[in-house]
1. Can you name every residue in the stretch 20-31 that is surrounded by 14 or more Cβ atoms within 10 Å (Cβ to Cβ) and either under 12 Å from the mean Cα position of the chain (by Cα) or not polar (S, T, N, Q) (or both)?
2. Report whether or not Asn34 is under 11 Å from the mean Cα position of the chain (by Cα) and either of a type outside the set (A, V, I, L, M) or surrounded by fewer than 16 Cβ atoms within 10 Å (Cβ to Cβ) (or both).
3. Look through Glu64, Glu39 and report the one residue that is over 21 Å from Cys7 (Cα atoms) and either surrounded by 14 or more Cβ atoms within 10 Å (Cβ to Cβ) or over 11 Å from the mean Cα position of the chain (by Cα) (or both).
4. Quick one: which of Gly51, Gly17 is part of a strand (DSSP E or B), under 19 Å from Glu69 (Cβ atoms) and within 11 Å of the chain's Cα centre (by Cα)?
5. Read through the list (1) under 15 Å from Trp65 (Cα atoms); (2) part of a loop (DSSP other than H, G, I, E, B); (3) among the charged types (D, E, K, R), then give the number of the only condition that Lys10 fails.
6. Can you find, within the stretch 8-19, the residue that is surrounded by the most Cβ atoms within 10 Å (Cβ to Cβ) among those that are of a type outside the set (D, E, K, R), in contact with a Lys or Arg (Cβ under 8 Å, 6 or more places away or on another chain) and within 17 Å of Lys43 (Cβ to Cβ)?
Amino acid sequence: MHGNGTCNLKNGFKYEGEWNNDKRHGNGTCTFYNGDKYEGEWKENKRHGNGTCAFYNGDKYEGEWKENEMHG
(Lines give C-alpha, C1' and ligand atoms only; values in the text may rest on other atoms or scores of the structure.)
Protein backbone atom coordinates (compact mmCIF):
# COMPACT_ATOMS: atom_id res chain seq x y z
CA MET A 1 0.00 0.00 0.00
CA HIS A 2 1.25 3.43 -0.89
CA GLY A 3 -0.57 6.78 -0.90
CA ASN A 4 -3.98 7.39 0.66
CA GLY A 5 -6.25 4.53 1.59
CA THR A 6 -8.41 2.74 4.13
CA CYS A 7 -7.95 -0.57 5.94
CA ASN A 8 -10.87 -2.25 7.76
CA LEU A 9 -10.45 -5.49 9.70
CA LYS A 10 -13.17 -7.73 11.17
CA ASN A 11 -11.87 -7.20 14.73
CA GLY A 12 -12.90 -3.50 14.59
CA PHE A 13 -9.53 -2.06 13.57
CA LYS A 14 -9.84 0.72 11.00
CA TYR A 15 -7.19 3.03 9.56
CA GLU A 16 -7.81 5.80 7.08
CA GLY A 17 -4.92 7.92 5.89
CA GLU A 18 -1.50 7.87 4.31
CA TRP A 19 0.56 4.75 3.64
CA ASN A 20 4.18 4.22 2.64
CA ASN A 21 5.56 0.76 1.79
CA ASP A 22 2.62 -1.02 3.47
CA LYS A 23 2.98 0.97 6.70
CA ARG A 24 0.88 3.76 8.22
CA HIS A 25 3.03 6.81 7.52
CA GLY A 26 1.97 10.47 7.40
CA ASN A 27 -1.41 11.72 8.62
CA GLY A 28 -4.20 9.35 9.47
CA THR A 29 -7.00 8.28 11.77
CA CYS A 30 -7.04 4.88 13.44
CA THR A 31 -9.74 3.19 15.48
CA PHE A 32 -8.28 0.26 17.40
CA TYR A 33 -10.14 -2.97 18.19
CA ASN A 34 -10.52 -1.88 21.87
CA GLY A 35 -12.28 1.38 20.91
CA ASP A 36 -9.34 3.80 21.28
CA LYS A 37 -9.21 6.35 18.46
CA TYR A 38 -6.03 8.16 17.38
CA GLU A 39 -5.89 11.01 14.90
CA GLY A 40 -2.56 12.49 13.91
CA GLU A 41 0.87 11.73 12.53
CA TRP A 42 2.36 8.28 11.92
CA LYS A 43 5.86 7.06 11.19
CA GLU A 44 6.39 3.47 10.06
CA ASN A 45 3.22 2.12 11.75
CA LYS A 46 3.83 4.01 15.01
CA ARG A 47 2.14 7.11 16.42
CA HIS A 48 4.87 9.70 16.01
CA GLY A 49 4.53 13.49 15.94
CA ASN A 50 1.44 15.48 16.90
CA GLY A 51 -1.76 13.62 17.57
CA THR A 52 -4.83 13.12 19.72
CA CYS A 53 -5.95 9.86 21.25
CA ALA A 54 -9.43 9.40 22.73
CA PHE A 55 -9.28 6.30 24.90
CA TYR A 56 -12.25 3.93 25.30
CA ASN A 57 -12.45 4.79 29.05
CA GLY A 58 -13.08 8.49 28.32
CA ASP A 59 -9.51 9.76 28.86
CA LYS A 60 -7.95 11.90 26.16
CA TYR A 61 -4.36 12.85 25.32
CA GLU A 62 -3.47 15.61 22.89
CA GLY A 63 0.15 16.36 22.15
CA GLU A 64 3.44 14.88 21.03
CA TRP A 65 4.02 11.17 20.39
CA LYS A 66 7.34 9.40 19.93
CA GLU A 67 7.71 5.76 18.84
CA ASN A 68 4.07 4.99 19.78
CA GLU A 69 4.37 6.53 23.28
CA MET A 70 2.99 9.80 24.68
CA HIS A 71 5.92 12.22 24.78
CA GLY A 72 5.67 15.61 26.40
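1. Answer for the stretch 20-31, where residues must be surrounded by 14 or more Cβ atoms within 10 Å (Cβ to Cβ) and either under 12 Å from the mean Cα position of the chain (by Cα) or not polar (S, T, N, Q) (or both): Lys23, Arg24, His25, Gly26, Asn27, Gly28, Thr29, Cys30, Thr31.
2. So Asn34 fails the test.
3. The conditions single out Glu64.
4. Going through Gly51, Gly17 in turn, just one is part of a strand (DSSP E or B), under 19 Å from Glu69 (Cβ atoms) and within 11 Å of the chain's Cα centre (by Cα): Gly51.
5. Single failed check for Lys10: (1).
6. Filtering the stretch 8-19 for residues that are of a type outside the set (D, E, K, R), in contact with a Lys or Arg (Cβ under 8 Å, 6 or more places away or on another chain) and within 17 Å of Lys43 (Cβ to Cβ), the one surrounded by the most Cβ atoms within 10 Å (Cβ to Cβ) comes out as Tyr15.
So that you can scan it fast, the table gives a plain yes or no per residue for (1) at pLDDT below 95; (2) under 18 Å from Met70 (Cα atoms):
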{"residue": "Lys23", "(1), (2)": "no, no"}
{"residue": "Tyr33", "(1), (2)": "yes, no"}
{"residue": "Glu44", "(1), (2)": "no, yes"}
{"residue": "Tyr56", "(1), (2)": "no, yes"}
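The values are calculated or read from the model by the stated rules, or taken from the named source; none is laboratory data. None of the values given here were measured: they were computed from a predicted structure. Every residue, glycine as well, gets a Cβ built from its backbone with ideal geometry; the counts of neighbours run over all protein chains shown.
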